[in-house]
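Read through the structure below, which is laid out as structure tokens, and then see the notes.
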Amino acid sequence: MSTNKNLSPVEKIKTESNALRGTLKESLHDEVTGAIRENDQALIKFHGMYQQDDRDRREERSAKKLEWLYSYMVRLRLPGGFLTPEQWVGLHHIAGDHSTGVIKITTRQTVQLHGILKSHVKPTLQAFNTIHLDAIAACGDVNRNVICGAHPKQSAIHEEVFQYAGKLSQLALPKTKAYYEVWLDEKPLTDKKQEEDPLYQDRYLPRKFKIAIAIPPHNDVDVFANDLGLIAIVENGKLIGFNVAVGGGLGTTHGNASTYPRLGTILGFVRGEENTLKAAYEVITVQRDNGNRSDRKLSRLKYTVDKMGVEAFKAEVEKRCGFKFEEAKPYTFTHRPDYYGWHQNHEGKWYYTVFVENGRILDEGKAALKTALLEVAKTGKANFRFTCNQNVIISDIEPKDKQAVEDILQQFGIIAHTDEAGPIRKSAIACVAFNTCPLALAEAQRYLPRLIDKIEVLMDKHQISDDEISVRMTGCPNGCGRPYAAEIGFVGTAYGQYNMHLGGDRDGMRLNKKYKESLDEPAILQELDNLLGIYSKKRKQGETFGDFAVREQWVTI
């Protein structure tokens, strides 16, 4: 058991929350403020929300002695990132009725809506409920959205793996009915024993927990960046089980050497569904009982694994499972970006992956992306799948319906938009950052496209414009855009300034290292002009930028 004595304030809030109910109902009815009570701000995360404010307007409102413009972000629980056409139509209208209207695809294969005022939160969640969607446990100290390989063309076993995402999500779902009572007006249970939670108890986890499932050779999920990573092992065309990795996580804190990004460590192989689900469950219980509940900056599973030691952690999981892991099976990752454009799977169904820059679905410029996807959904001829690279796959299209979908994509400029985007732009990722994230120190999604414009000029100059160099940017060191697993990572330190990281590999198997600190845009471009020039002249055939950076010892890995 964890020996934490000085529990963080959040631990007390959780245990005294009446199974995550807190005073949320009272907070919602307080019309004097757009905010909710302080303790409820911690609890609302377990319901799939964050309280935010418009940081672009803080100074203006403070000068007028007005309360900050508070609003809420709602994130859906979508295991494997799947929506039916009917659900897409509903999502489109809910976004328009209650939020900024922008549908934001996250790096965890789901969507979130921003700018929802307090009076609109409950109607938003009730509207989602009518199309069989919810936000339960999409945030908070519980298992978050379970992600898996997105594109069915990857493998004939894709559907089987996709089903695991749903099973794991259900396995790790909190038992409390607070969400249904607070947001959907369901009557409280008369028998509280029905919501006793053997997994989370009344403590929940020390911090958030993330699960990813990868289907080699594609590592689009960045499987080693998750607390629990499952790598599908296929023999003779059949899924036989998973290699199990633990302790991945990318968040750090500037100036705190005790915090660090870490890739997961493989414990071994588990065979069959029963053992896989049992192993996942017990990894969570070991973290529940041994994770740091005093210092939230040191509370993720990666710190628990390092504190206990990998072998001791593995032994404890095996003890609780009642079986031992087999030796890890061989696998290979060769690709991480999405498969853009049209592709067909083994069943003959068609899929079109749309490029969505930084995951922002809206009508902008020559591409009416939001309108196009709505029109596709209205036909009922396609489902929708989100990717961990912040794109959307128009999926499961019968051959007879492919032309109808393509006509819509052509009409609204989507095919041209996807085809014309360069390789470095298509592989780039940025977190939300300003104007809504309260942790942001610098811009990310609003700035990276402009920076990519200038990096593409440098790549043209050095005749490497076809190179898929991975570039990722976050507005703070918490790593939501996975910058530490990129060949070039930018981490915000102050407004307009970023640490530059180099040396990650292209397939998500190696972290990068800090190269230069607190660079502004002219300094970033000067450094990249020099580095890309050297790379274009001295690289070996087939050598990636990240590998070259390590070989040249620009950073020490």
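The values are calculated or read from the model by the stated rules, or taken from the named source; none is laboratory data. Since the structure is predicted, the reported quantities are computational estimates derived from the model, not experimental observations. Using ideal geometry, Cβ is built from the backbone for each residue, glycine included, and neighbour counts are taken over all protein chains shown.
Data table
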quantity: Residue in the range 478-496 that is out of contact with any Cys (no Cβ under 7 Å at 6 or more places or on another chain), buried (at least 24 other Cβ atoms within 10 Å of the Cβ) and polar (S, T, N, Q) present; calculated: no
quantity: In the range 533-557, the residues that are over 17 Å from residue 473 (Cβ atoms) and either surrounded by 18 or more Cβ atoms within 10 Å (Cβ to Cβ) or touching a Phe, Trp or Tyr at 6+ places or on another chain (Cβ under 7 Å) (or both); calculated: 535, 539, 544, 547, 548, 549, 550, 554, 555
quantity: In the range 497-508, the residues that are of a type outside the set (Gly, Ala, Ser) and either in contact with a helix residue (DSSP H, G or I) (Cβ under 7 Å, 6 or more places away or on another chain) or surrounded by 24 or more Cβ atoms within 10 Å (Cβ to Cβ) (or both); calculated: 498, 500, 501, 502, 505, 506
quantity: Residue in the range 47-64 that is part of a loop (DSSP other than H, G, I, E, B), surrounded by 18 or more Cβ atoms within 10 Å (Cβ to Cβ) and of a type in the set (Gly, Ala, Ser) present; calculated: yes
quantity: Conditions (1) surrounded by fewer than 23 Cβ atoms within 10 Å (Cβ to Cβ); (2) more than 23 Å from residue 479 (Cβ to Cβ); (3) more than 22 Å from the chain's Cα centre (by Cα): number failed by residue 270; calculated: (1)
quantity: Those strands (runs of 3 or more DSSP E) lying entirely in the range 453-557 with at least 1 residues closer than 30 Å to residue 217 by Cβ, acidic (Asp, Glu) and in contact with a strand residue (DSSP E or B) (Cβ under 6 Å, 6 or more places away or on another chain); calculated: none
quantity: Every residue from the range 1-27 that is assigned to a helix (DSSP H, G or I) and surrounded by fewer than 17 Cβ atoms within 10 Å (Cβ to Cβ); calculated: 9, 12, 15, 25, 26
quantity: Checking residue 197 against (1) surrounded by 14 or more Cβ atoms within 10 Å (Cβ to Cβ); (2) more than 27 Å from the chain's Cα centre (by Cα), the condition it does not meet; calculated: (2)
quantity: Residue satisfying all of: in the range 371-383; surrounded by fewer than 23 Cβ atoms within 10 Å (Cβ to Cβ) and of a type outside the set (Asp, Glu); nearest to residue 91 (Cα to Cα) among these; calculated: 374
quantity: First in the range 57-68 and under 21 Å from residue 437 (Cβ atoms) and not assigned by TED's automatic domain parsing to the domain that holds residue 434, second anywhere and in a helix (DSSP H, G or I) and of a type in the set (Ser, Thr, Tyr), Cβ under 8 Å, 6 or more apart; calculated: 68/62
quantity: Residue 186 being more than 19 Å from the chain's Cα centre (by Cα) and surrounded by fewer than 17 Cβ atoms within 10 Å (Cβ to Cβ); calculated: yes
quantity: Among residues of the range 299-352, those that are under 30 Å from residue 504 (Cα atoms), among the polar types (S, T, N, Q) and either part of a helix (DSSP H, G or I) or touching a helix residue (DSSP H, G or I) at 6+ places or on another chain (Cβ under 7 Å) (or both), counted; calculated: 1
quantity: Members of the range 165-181 found to be buried (at least 21 other Cβ atoms within 10 Å of the Cβ) and aromatic (Phe, Trp, Tyr), listed by number; calculated: 179
quantity: Counted residues, the range 204-256 - those being of a type in the set (Asp, Glu) and over 18 Å from the mean Cα position of the chain (by Cα); calculated: 1
quantity: Residues of the range 245-258 classified as touching a residue at least 24 places away in the same chain (Cβ under 8 Å), crowded, with 20+ Cβ neighbours inside 10 Å and in contact with a Ser or Thr (Cβ under 8 Å, 6 or more places away or on another chain), total; calculated: 4
quantity: Of all residues in the range 254-298 being of a type in the set (D, E, K, R) and assigned to a strand (DSSP E or B), the one that is nearest to residue 207 (Cα to Cα); calculated: 262
